[in-house]
Amino acid sequence: RMAYHRDFCHHTKPHHWLIGVSQRNPKLVSEMNKLMADGLALPMTTLRDSATFNSWLYTQQGRWRGEEQERLAFMFDNFTQYSVPVNMLAVETEVDTIVSTFERLNRMVTNLSVFDLIVAIQYRKGIQLREMWNAFAQKYPDTAETIKPESLLKIITLLEGREARRTFMLSTIASMPREVFVARWAEAIQAVVEAMNRIAKEYGAIKPRWIPYTTLIVPLAAILHKLRKRRKGAQAYRVVDHWYWLSVFTQRYDHSADTQSSVDLKALDAHLDDATVELLWPTQLRAEDLDLDVSDGKSAIYRGLLCLTVLAGAHDFLTGQPAHLHECEDDHIFAEKRYRNDYPVNLIFNRTLLNATTNKWKNARTPSEVLALCLAEHDRDEGRLLETLSTHFISAEGYAALLAEDFETFIATRRALFIQAINERLAGQPQSSILPEGVTSDD
């Protein structure tokens, strides 16, 4: 149905809509029938030819007269005389040419993703790709909200030995027989779910927004799939862990993630087959060589250090018990409200995971005031309190600096502990993870 705003003639630019009404909805059908009876709507079938439209305009409806009728007649003429440009392509035109032509024509209208294009390509094979994605999203909602639909297609392309760029994805998937693609899609789902669970349990990103790089999910999924298929052991997984943490703290995936994914996957593949094959990244890197003084909560380094705090356990300041980390807040130790004019309080080294209730209570209190109550809640046992603080990378020296409200010393001591933790990860000797039981992604 096409419905016109009742104040049509009083606007320089008339308001008009195309309204679809289901015949199974009696209420909407009744409302639309009333609009049509009042001359405020007309069926689309009325626009099929000029005789039908003119009969409605000049004989059947009684609302529009004079200039109003002329304007409606003018709009109808524009509608019927509108030219639709058509590009004719030969039957033998290659897929890449069709796709590039399609993209150029739609560039000023709809920005088509590679997933949209592959949906169209696969439809000819009887593959309902969008429905397959929706089924995946329903089963793994957290993962589906974290990755893009084309991520699964990138995993498939990487596993086929091609670079996960647009052109290669299109040509690789377009040439796949239907049954092969369906099998690869299932493998990609298994791989990405495994990657998300590893990122949560082994790498500490128990909330999707704490994942250092979502672009790392695709190559990690492909790598884990290969390790599982080839039944690789602990040493292979240590190599993968080293690659993951090095990529996070050197920010290797800030740019050209698709190309980097392909390069890294091939390098890891070759190295896992033959340990004498050198990897394409520095294997002797030390955390001391990195610039870790970050304040941007979206940076990979910031999120990576936050994930290390998750892996350390981040016990509750007040109770000393394992916190429900999914419910914790990333907030300041030296309170922002109190110290923002004196110190760079947003540095990652002044932030940690705090229970929401504890964080609200802490508010703008000084660190010494906070620790006084924390000590009382730990039965005035400093040793127990220090055990709790250690799960936040706060040493005895850091504790003393907090009591003295010495920001610079506190930051320096906490930075040193984070550097040690990074080096242990890069060396394949991580601290024991004390994550709560049951922490997974979409397991």
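The values are calculated or read from the model by the stated rules, or taken from the named source; none is laboratory data. Remember, it's a predicted structure, so these values are computed and weren't measured experimentally. No Cβ is skipped: glycine too gets one built from the backbone with ideal geometry, and neighbour counts run over all protein chains shown. Ligands, DNA and RNA are excluded from the accessible area calculation, which covers all protein heavy atoms including side chains. Shrake-Rupley method; radii C 1.70, N 1.55, O 1.52, S 1.80 Å.
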*Work out the charge dipole of region 200-256 with +1 on the Cβ of Lys and Arg and -1 on the Cβ of Asp and Glu about the Cα centre, then indicate which of ILE217, GLY233, TYR253 is farthest towards its positive end.*
GLY233
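With charges only on Cβ, +1 for K and R and -1 for D and E, what is the dipole size of the chain about its Cα centre, in debye, rounded to 20?
Values: 51 positive and 57 negative charges, 330 e Å.
The calculated dipole for the chain is roughly 1580 debye.
Which entries of LYS139/LYS360; LYS232/LYS298; LYS148/LYS362; LYS148/LYS360; LYS154/LYS232; LYS27/LYS148 have Cα-Cα distances beyond 30 Å here? Spell out each step's value before the answer.
Details: LYS139/LYS360 35 Å; LYS232/LYS298 34 Å; LYS148/LYS362 38 Å; LYS148/LYS360 35 Å; LYS154/LYS232 23 Å; LYS27/LYS148 38 Å.
Beyond 30 Å between Cα atoms: LYS139/LYS360; LYS232/LYS298; LYS148/LYS362; LYS148/LYS360; LYS27/LYS148.
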*Efficiency of FRET from Cβ geometry, GLU67 and GLU31, R₀ 30 Å, rounded to 0.05*: 0.60
_Sites matching trypsin sites (Lys or Arg not before Pro) across region 174-242 that sit in DSSP coil, with at most 13 neighbouring C-beta atoms within 10 Å_ = ARG230, ARG231
_Accessible surface of the chain, 1.4 Å probe, proportion on carbon and sulfur as whole %_ = 49
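Relative contact order for the chain using alpha-carbon pairs under 8 Å, separation at least 6, rounded to a whole percent? Working shown, then result.
On the way: 506 pairs, mean separation 56.1, N = 443.
Relative contact order comes out at 13 percent.
In nm, what is the difference between 0.36 nm times the number of residues separating VAL95 and ARG165 and their Cα-Cα distance?
Values: separation 70, 0.36 × 70 = 25.20 nm, distance 1.56 nm.
In short, 23.6 nm is gained.
Using just the helices of the chain, give the 222 nm mean residue ellipticity in deg cm²/dmol: DSSP H runs with n ≥ 4 each add -39,500 (n - 2.57), and the total is spread over all residues, rounded to 500.
Values: 20 runs with 234 residues, N = 443.
Taking each H run of at least 4 residues, the total per residue is -16500 deg cm²/dmol.
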*asked:* Could you tell me how far the Cα centroid of region 28-68 sits from the Cα centroid of region 151-221, in Å?
replied: 53
*Along each of the three principal axes of the Cα atoms of the chain, give the extent in whole Å, ordering the values from largest to smallest.*
93, 56, 37
*Mind checking which helices in the chain clear 27 Å along their axis (Cα) and have mean Kyte-Doolittle hydropathy of -1.0 or more, DSSP H runs only?*
178-201, 407-426
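Rolling a 1.4 angstrom probe over the protein heavy atoms, how many square angstrom per residue are accessible across the chain? All intermediate terms of the calculation are to be shown ahead of the outcome.
Details: 23490 Å² over 443 residues.
Using a 1.4 Å probe on heavy atoms only, each residue of the chain averages 53 Å².
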*Please list 288-294, 18-24 highest first by mean number of surrounding beta-carbon atoms within 10 Å per residue.*
288-294, 18-24
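How much length, in nm to one decimal, is gained on full extension between ASP291 and ALA400, taken as 0.36 nm per residue of separation minus their Cα-Cα distance?
On the way: separation 109, 0.36 × 109 = 39.24 nm, distance 2.55 nm.
Going from the current span to full extension adds 36.7 nm.
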*Please name which of TRP281, THR59, THR46 has its Cα lying farthest along the dipole of the chain towards the positive end, using unit charges on Cβ (Lys, Arg +1; Asp, Glu -1) and the Cα centre as origin.*
THR59
*What relative contact order, as a whole-number percentage, does region 153-302 give when Cα pairs under 8 Å and 6 or more residues apart are counted?*
25
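Using 0.36 nm per residue of separation minus the Cα-Cα distance, give me the extension gain between ARG24 and LYS139 in nm, one decimal. Intermediate values should be presented prior to the final figure.
Details: separation 115, 0.36 × 115 = 41.40 nm, distance 3.03 nm.
Length difference between fully extended and current span is 38.4 nm.
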